[in-house]
Each structure stands twice: as structure tokens, then as C-alpha cells.
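First comes the structure, then the notes that go with it.
The values are calculated or read from the model by the stated rules, or taken from the named source; none is laboratory data. The model shown is predicted, which means the values in this text are computed figures rather than measured ones. Glycine also receives a Cβ, built like all others from the backbone with ideal geometry; neighbour counts cover every protein chain displayed. Areas reflect the complete protein model, heavy atoms only, side chains present, ligands, DNA and RNA absent. Shrake-Rupley method; radii C 1.70, N 1.55, O 1.52, S 1.80 Å.
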Amino acid sequence: MTVPTHLQYTRDHYWIRIEGNEAVVGLTEISLLAWGMVLFIELPERGAVLGQGDYAGSLETAESEHDLLAPLSGEVIAVNMLLERAVMMLIESPYDKGWLFRVACSEPSELEQLWDAQTYALSYSFE
């Protein structure tokens with residue numbers, strides 16, 4: 001199981017790549033493997049303003065549906081529309097091509113709550 005060290009993580013299995021005042025958001029490999037085969041994904045619309053914990057979309061697997069909640073507050077400035085047609089990118093490339101959306105962060109203090117790779121891995125016994 002991969003936990004890239006150049007990313008930050010949330011306890012809810014999102015990975016975050018900080019680029020200036022923007023954050024690229026994706027789902028960790030462990031969450032995707034635990035949930036099973038992804039059938040459908042709904043992502044937020046570009047321009048949506050989300051608060052941390054707000055509903056941002058959903059992911060449907062063969063066994064259940066999962067709400068996607070915003071890990072950070074801000075405006076959605078880009079959405080990976082390719083995922084709607086090729087959901088397998090989530091599993092095939094979770095930390096690269098399988099990103100979900102990009103947010104212009106509006107609450108810098110929320111970044112302090114993010115975990116480094118070691119903390120995430122230890123919290124979920126991956127190392």
C-alpha cells in the first residue's frame with residue numbers, strides 16, 4: 001500500500017497536495033481498496049464554495065455509496081472531469097491522474113490539521 005511522503009492526509013482518507021494557496025484533493029489508495037470497485041463518481045462543480053466538512057459529491061461502489069466531504073474550505077477552481085468517464089483512474093493512479101478537485105484555500109488554519117505520511121500510515125497500520 002502506498003502512502004507518498006510528499007502529500008498530506010486527513011483522517012478521512014483524503015490526500016492533499018498544497019500548491020501555494022491551492023490544494024489538490026484526492027482519495028488515498030487504502031480508502032479506494034477498502035471500498036471496492038468504483039462504479040460512479042459525482043464531483044463538485046467548478047466555482048462551488050465549500051466549507052470544511054461540506055458535501056462535495058459522492059462515490060458509488062458495487063456495495064455502497066460514500067459521501068465525499070470537503071477536507072478544506074474554499075472555492076473549487078478545477079474538477080477532474082475525466083473521472084466521470086474513466087473512474088478506473090482512481091484505482092490505477094490514485095495519487096496522480098486520479099485527483100478529484102482543486103480548491104483555493106480560504107482558511108489557512110485548516111492546513112495545520114493535516115497529517116504527514118508517517119502519521120497517516122501509523123494511524124491506519126500501513127507501515
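Taking the condition under 17 Å from Leu111 (Cα atoms), open to solvent by 20 Å² or more (accessible area, probe 1.4 Å), in a strand (DSSP E or B) and not β-branched (Val, Ile, Thr), does Arg17 pass? Can you show your working first?
Details: under 17 Å from Leu111 (Cα atoms): yes; open to solvent by 20 Å² or more (accessible area, probe 1.4 Å): yes; in a strand (DSSP E or B): yes; not β-branched (Val, Ile, Thr): yes.
For Arg17, the condition - under 17 Å from Leu111 (Cα atoms), open to solvent by 20 Å² or more (accessible area, probe 1.4 Å), in a strand (DSSP E or B) and not β-branched (Val, Ile, Thr) - is met.
Considering only region 59-108, give the strands (runs of 3 or more DSSP E) lying wholly within it that have at least 1 residues that are without any contact (Cβ under 8 Å) to a residue 24 or more places away in the chain.
Details: elements: 65-69, 74-79, 101-105.
Fully inside region 59-108 and qualifying: 65-69.
Residue-wise test of (1) open to solvent by 70 Å² or more (accessible area, probe 1.4 Å); (2) within 19 Å of Val3 (Cβ to Cβ); (3) basic (Lys, Arg).
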residue	(1), (2), (3)
Gln52	yes, no, no
Val79	no, no, no
Glu84	yes, no, no
Glu92	yes, yes, no
Trp99	no, yes, no
Val103	no, no, no
Ser109	no, no, no
Trp115	no, yes, no
Ser123	no, yes, no
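Can you name the residue in region 30-41 that is buried (at least 16 other Cβ atoms within 10 Å of the Cβ) and in contact with a strand residue (DSSP E or B) (Cβ under 9 Å, 6 or more places away or on another chain) and, of all such residues, is nearest to Asn80 (Cα to Cα)?
Start the filter on region 30-41 by keeping residues that are buried (at least 16 other Cβ atoms within 10 Å of the Cβ), which leaves 30-32, 35, 38, 41.
Those still in the list that are in contact with a strand residue (DSSP E or B) (Cβ under 9 Å, 6 or more places away or on another chain) too: 31-32, 35, 38, 41.
Numbers: Ser31: 18, Leu32: 17, Trp35: 20, Val38: 16, Ile41: 11 Å.
Among those residues, the one meeting the criterion is Ile41.
Return the residues of region 20-29 that are more than 14 Å from Gly74 (Cβ to Cβ) and open to solvent by less than 20 Å² (accessible area, probe 1.4 Å); say none if nothing qualifies.
Going residue by residue through region 20-29, those that are more than 14 Å from Gly74 (Cβ to Cβ) are 26-29.
Within region 20-29, Gly26, Leu27, Thr28 meet the criteria.
Could you say which residue among Glu45, Glu75 is surrounded by 14 or more Cβ atoms within 10 Å (Cβ to Cβ) and at pLDDT 95 or above? If you could, list the steps in order and put the result at the bottom.
Working: Glu45 fails: surrounded by 14 or more Cβ atoms within 10 Å (Cβ to Cβ).
Glu75 is the lone residue from the list that is surrounded by 14 or more Cβ atoms within 10 Å (Cβ to Cβ) and at pLDDT 95 or above.
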